[in-house]
């Protein structure tokens, strides 16, 4: 199965998606499985992992409902409050759904210290006990705290979203690269080859992304990297097939086995996705 390990769905409203400002007009509409399907087919992708875009339990329930009705939605990364005293009860309920494979918090909107809170770490540990993965969504400024966080956790499944959003448009790479190499030393941590185009300038070239992909492949190796489109957010800078081609072209050049792993095998293993 070929997989897009990171995309989003929503029924657009100003109230629920206030982060979509006037510079993002293309995102101010509904994006549902039927809208994604043609793009997946065009790029040879069979299914996707739907990732939360709202911090609410209703988001998790809504995405799971979509997944239950659409075979092309292979899995869901939802949201629950990891610091909630009711987390154990909620995990028992929602983890029973085989389509729920992990959770995510919008950590990029928090100060780095947020993820080092004792209750947050307790919640993450509990997540691992329920065999659920965790997506780490951060900026480069958070990476030193990420290293501290990972060192306090057992070897549960963690993945860095969007390469931790390096400043590709500004050409900044050195400190980010050092931090990513340090994080990759933890063999339970994967990285998503996703979200790059929105960190680049509007007149990006495919070559702009090569140095950053080289860092990721050198640090994590082809066995711990998975392709994600970040659709529909990627539409701010590129069409789906362009995003896919950036990752695919690099993987093909990297090795004879990288494409198959990055475009499906690694995501299936990491998220424990079962084919029907």
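The table below gives the values:
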quantity: Residue that is surrounded by the most Cβ atoms within 10 Å (Cβ to Cβ), among those in the stretch 24-35 that are out of contact with any helix residue (DSSP H, G or I) (no Cβ under 8 Å at 6 or more places or on another chain) and part of a helix (DSSP H, G or I); calculated: 35
quantity: Sole exception among (1) farther than 19 Å from residue 212 by Cα; (2) buried (at least 17 other Cβ atoms within 10 Å of the Cβ); (3) touching a helix residue (DSSP H, G or I) at 6+ places or on another chain (Cβ under 7 Å) for residue 124, by number; calculated: (3)
quantity: Helices (runs of 4 or more DSSP H) fully within the stretch 199-276 counting 1 or more residues that are closer than 23 Å to residue 175 by Cα and either at pLDDT below 95 or touching a strand residue (DSSP E or B) at 6+ places or on another chain (Cβ under 6 Å) (or both); calculated: 210-220, 240-254
quantity: Unmet criterion (only one of (1) within 18 Å of the chain's Cα centre (by Cα); (2) under 16 Å from residue 272 (Cα atoms); (3) surrounded by 17 or more Cβ atoms within 10 Å (Cβ to Cβ)) for residue 107; calculated: (2)
quantity: In the stretch 113-144, the residues that are part of a loop (DSSP other than H, G, I, E, B), within 18 Å of residue 182 (Cβ to Cβ) and touching a strand residue (DSSP E or B) at 6+ places or on another chain (Cβ under 9 Å); calculated: 138
quantity: Residue identified as touching a residue at least 60 places away in the same chain (Cβ under 8 Å) and either surrounded by fewer than 22 Cβ atoms within 10 Å (Cβ to Cβ) or within 15 Å of residue 2 (Cβ to Cβ) (or both) among 249, 241; calculated: 241
quantity: Extreme residue, surrounded by the most Cβ atoms within 10 Å (Cβ to Cβ), among residues of the stretch 155-171 that are over 10 Å from the mean Cα position of the chain (by Cα), touching a residue at least 24 places away in the same chain (Cβ under 8 Å) and within 19 Å of residue 202 (Cα to Cα); calculated: 166
quantity: Test set (1) in contact with a strand residue (DSSP E or B) (Cβ under 8 Å, 6 or more places away or on another chain); (2) in a helix (DSSP H, G or I) - residue 102 fails condition number; calculated: (2)
quantity: Complete set of residues in the stretch 70-83 that are touching a helix residue (DSSP H, G or I) at 6+ places or on another chain (Cβ under 8 Å) and outside any strand (DSSP E or B); calculated: 70, 72, 79, 80, 81, 82, 83
quantity: Any hit, the stretch 50-62, residues being surrounded by 16 or more Cβ atoms within 10 Å (Cβ to Cβ) and in contact (Cβ under 8 Å) with a residue 60 or more places away in the chain; calculated: yes
quantity: Meets criteria (over 21 Å from residue 48 (Cβ atoms), over 18 Å from the mean Cα position of the chain (by Cα) and without any contact (Cβ under 8 Å) to a residue 60 or more places away in the chain) for residue 140; calculated: no
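The values are calculated or read from the model by the stated rules, or taken from the named source; none is laboratory data. Because the structure is predicted, anything quoted here is derived from the model rather than measured. Backbone-built Cβ (ideal geometry, glycine too); neighbour counts: all protein chains shown.
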